[in-house]
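Visitor: Below are the structure tokens for one structure; questions will follow.
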Amino acid sequence: MIQLLENLRARWRKRRDLPAPEALFHDMGAWWETSLGKALLASETELLEPTLARIFGYHFLQLGVSEHSMLEASPIGHKLMFVPQYDAEKTLPVANNEALPLLSDSVDAVLIHHALDYTPNSHRLLRESARVLMPGGKLVIIGFNPLSSWGMRKLFRWRNTRPWDARYISSSRVQDWLKLLDFSVDKVEHCAYLLPLKHTRFVNAAHQFEAFGKRFNAPLGAVYVIVACKQVMPVTPILPRWPKLPRPVLVRPVAETARARPEAAKVKLDS
């Protein structure tokens with residue numbers, strides 16, 4: 001009996017462990033290619049496209065859990081994404097999402113695509129995103145919604161399989177973190193009302209579930225999208241205190257004040 005309890009406890013601890021970034025990129029890249037993964041990506045892309053079309057600038061950074069780009073609809077020319085390990089067949093740069101090799105205030109927009117669900121330090125990831133983002137820049141966060149059928153599926157999972165091993169942080173909690181980092185939340189939207197089942201019948205009916213959920217604007221979708229703006233802190237310039245100059249004394253010229261009297265001039269001539 002004791003051995004059984006120890007095994008259950010070990011499985012529970014393993015259930016809460018997050019995968020290594022290298023394994024995560026590989027597994028999530030494969031999961032996006034499944035029928036359920038493709039349906040989820042299609043729903044996210046449809047909701048994200050209008051938002052991306054209204055974000056302008058020069059540099060757009062994506063922090064994700066795979067090499068799949070979500071920035072195709074963005075008009076920004078330079079799109080950047082990092083991978084956790086080097087691959088000779090690909091040209092993507094290598095870096096850690098929580099320690100970005102970028103200057104502060106250097107990018108115009110940041111998209112966090114489920115990276116917040118798989119990071120062991122959520123605050124550090126958000127602080128790093130805020131650091132590289134320009135004042136007035138846009139931060140877009142896509143995460144799994146715990147208040148959904150996908151969140152219920154996570155509670156009853158037994159094995160560490162993607163994406164049920166993610167953290168599923170609520171959107172309200174993420175918004176509280178953003179306010180502490182001086183972000184203003186522009187909007188919060190939900191999508192992906194499909195059931196978390198791989199059966200072909202349910203996957204094919206994904207568009208019907210999506211239309212039904214958007215009709216009632218229910219916050220029960222599998223995914224939420226938060227759009228926030230980095231606030232510009234007002235700066236009051238400190239001016240030096242110049243010493244007061246003495247007030248100038250106005251004196252009239254002597255030629256105007258000391259004119260000779262006519263009687264004095266006449267006496268002088270007579271003499």
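Here, each number is a calculation from the coordinates, and none is a lab measurement. Note that this is a predicted model, so its numbers are computed, not measured. Backbone-built Cβ (ideal geometry, glycine too); neighbour counts: all protein chains shown.
Visitor: With the Cα gyration tensor of the range 68-186 giving a ≥ b ≥ c as the square roots of its eigenvalues, does the rule (a/c under 1.5 for rounded; else a/b larger than b/c for prolate; else oblate) give rounded, prolate or oblate?
Guide: oblate
Visitor: Between residue 179 and residue 49, what is the FRET efficiency for a Förster distance of 30 Å, r being their Cβ-Cβ separation, to the nearest 0.05?
Guide: 0.65
Visitor: Separation between the residue 42 and residue 18 pseudo-spin-labels, each 7 Å from Cα along Cα→Cβ, expressed in nm?
Guide: 3.1 nm
Visitor: Treating the beta-carbon of each Lys and Arg as +1 and of each Asp and Glu as -1, no other charges, what is the dipole magnitude of the range 2-230 about its Cα centre, to the nearest 20 debye?
Guide: 980 debye
Visitor: A further question follows. Among DSSP bridges having both ends in the range 2-230, what percentage is antiparallel? Round to the nearest 5.
Guide: Of all bridge pairs located within the range 2-230, approximately 50 percent are antiparallel.
Visitor: Let me ask something else about it. Taking +1 at the Cβ of each Lys and Arg and -1 at the Cβ of each Asp and Glu, which of 103, 224, 86 sits farthest along the dipole of the range 2-230 towards its positive end, judged by Cα position relative to the Cα centre?
Guide: Ranked along the dipole, the leading option is 224.
Visitor: How many percent of Cα pairs in the range 114-177 exceed 19 Å?
Guide: So the portion of pairs separated by more than 19 Å is 36 percent.
Visitor: Take the cross-link list 79/154; 38/138; 154/214; 38/187; 90/187; 90/138 and give me the ones stretching past 31 Å between alpha-carbons.
Guide: 79/154; 90/187
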